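Have a look at the structure below before the remarks.
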Amino acid sequence: MMIAKIIGVVCLISAAWSAAFAQASGPRVELSLIVKDKENQSISTLRKEDVRIFEDGVEQTILSIETDERPVDLGIAIDASGSFRKFLGAGVMIAKSIIDTRRSDDQTFIERFIDTPKIQRVQDFTSNKNLLQQAVDKLYVEGGQSAIVDAIYTAVNYVAEHNKADPGKRKAVLIITDGEDRNSSYKAEKLIDLLRRQQVQVFVIGFTLDLDERSSSTKVSSREKAEKLLKSIAEESGGRAFFPRDEKQLMNAILQCGSDLAKQFRVTYQSSSPNSNVDPKKTFHQIEVKVTSPDGEKRTGIAPRGYSVEAKPSEKK
């Protein structure tokens, strides 16, 4: 009888600890991870023991790392404002090159943008490369002030909603632009909030060479401002930004984008951070990735800067 009582007490304590742990634990988190070597090139093999994940400053236990070759829903957004006229030919070449790398189970849509009223899908999601190539060939420029943030926001939102119920899809947007946002209605913070709620990577190829690079103690140059904005958006999402200065760098950017879109790493861990039910004020969790290599070669991990957990309606202020 005494032994039965002891066993019963132990079971109750164990159940209480399990319930408390389950309540305090955060969600199971999946990250898309790109790893660059010292030459800034993406690597294709990675060992679990060479990766460390930190969430809100606390190291996490990684459950798995695997090559991520899931089909990709991709939006290609191309600047069509007057300032992009001299780069349109290169922009078309980039888009067609990326389309050529798409696999049969990938789906892509094409967006052209000028100002906010002229953000248009010229080809909806399809895996038909001929239709995508034809849509790109028909692109033309118009007068108007570039709404880059609005264009990215629109593309990210559309990609996120497409095949939303299918967890077997990776989501990405590639924006091709001359870089200077002149007339967006959305602030960058609004776009970043969307990226934190949706797992959509943003890749950028920016032709910023023609932007004024003169700065002063009180004013940042147009080029620096544009590149900082686009780089911060890409980094927030776990994507990459390229600002090619010559043909060689441009071709490398295209190759890297094509490679990164086709194959990355998928990292899974169980978050130790309290979820929004435990702490409704803590809805954003910051992520840091550290990568090493067996031979000590410098490597850089690129992953989303964090993720947001949606609080229940009753908990929202």
**Report entry** Residue selected from region 102-140 under the condition in contact with a Leu (Cβ under 8 Å, 6 or more places away or on another chain) and over 29 Å from N183 (Cβ atoms), by the criterion surrounded by the fewest Cβ atoms within 10 Å (Cβ to Cβ)
**Finding:** T126
Report summary line: Given (1) at pLDDT 95 or above; (2) farther than 28 Å from V149 by Cβ, E39 misses just (1)
Report task. Could you run through region 89-101 and say how many residues are buried (at least 18 other Cβ atoms within 10 Å of the Cβ) and out of contact with any Gly (no Cβ under 9 Å at 6 or more places or on another chain)? Result -> 4
Query raised in the report: Which residue, of S217, S232, is among the small types (G, A, S) and at pLDDT 90 or above?
Result: S232
Query raised in the report: Just checking, which of I53, I94, I34, I62 is within 30 Å of Y140 (Cα to Cα), within 21 Å of the chain's Cα centre (by Cα) and of a type in the set (A, V, I, L, M)?
Result: I94
Requested in this report: Need at least 1 residues that are touching a strand residue (DSSP E or B) at 6+ places or on another chain (Cβ under 7 Å), of a type in the set (K, R) and surrounded by fewer than 18 Cβ atoms within 10 Å (Cβ to Cβ) per element, so show me which helices (runs of 4 or more DSSP H) inside region 162-276 make the cut, counting only ones lying wholly within it.
Outcome: 188-197, 222-237
Query - Matching residues, region 190-237, being of a type in the set (V, I, T) and within 18 Å of the chain's Cα centre (by Cα) - result: I192, V200, V202, V204, I205, I233
Query raised in the report: Out of K129, K138, K118, which single residue is modelled with pLDDT of 95 or more and over 27 Å from S185 (Cβ atoms)?
Result: K129
Requested in this report: Could you tell me which numbered condition D137 fails, if it satisfies all but one of (1) over 19 Å from the mean Cα position of the chain (by Cα); (2) under 18 Å from V202 (Cβ atoms)?
Outcome: (2)
Report summary line: With criteria (1) assigned to a strand (DSSP E or B); (2) modelled with pLDDT under 95, G144 comes up short on (1)
Requested in this report: Considering each of A135, A77, A90, A95 in turn, give the residue that is free of Cβ contacts under 8 Å to residues at least 60 places away in the same chain and either part of a helix (DSSP H, G or I) or in the same structural domain as L211 (by TED's automatic domain parsing) (or both).
Outcome: A135
Query raised in the report: Being farther than 16 Å from G206 by Cβ, surrounded by fewer than 20 Cβ atoms within 10 Å (Cβ to Cβ) and either of a type in the set (S, T, N, Q) or in contact with a Leu (Cβ under 6 Å, 6 or more places away or on another chain) (or both), is that true of even one residue in region 69-82?
Result: no
Query raised in the report: Scanning region 141-161 for residues that are closer than 15 Å to L191 by Cα and β-branched (V, I, T), which turns out surrounded by the fewest Cβ atoms within 10 Å (Cβ to Cβ)?
Result: T154
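The values are calculated or read from the model by the stated rules, or taken from the named source; none is laboratory data. These numbers come from a predicted model, not from an experiment. Methodologically, a virtual Cβ is constructed for each residue, glycine included, from the backbone with ideal geometry; neighbour enumeration extends over all protein chains shown.
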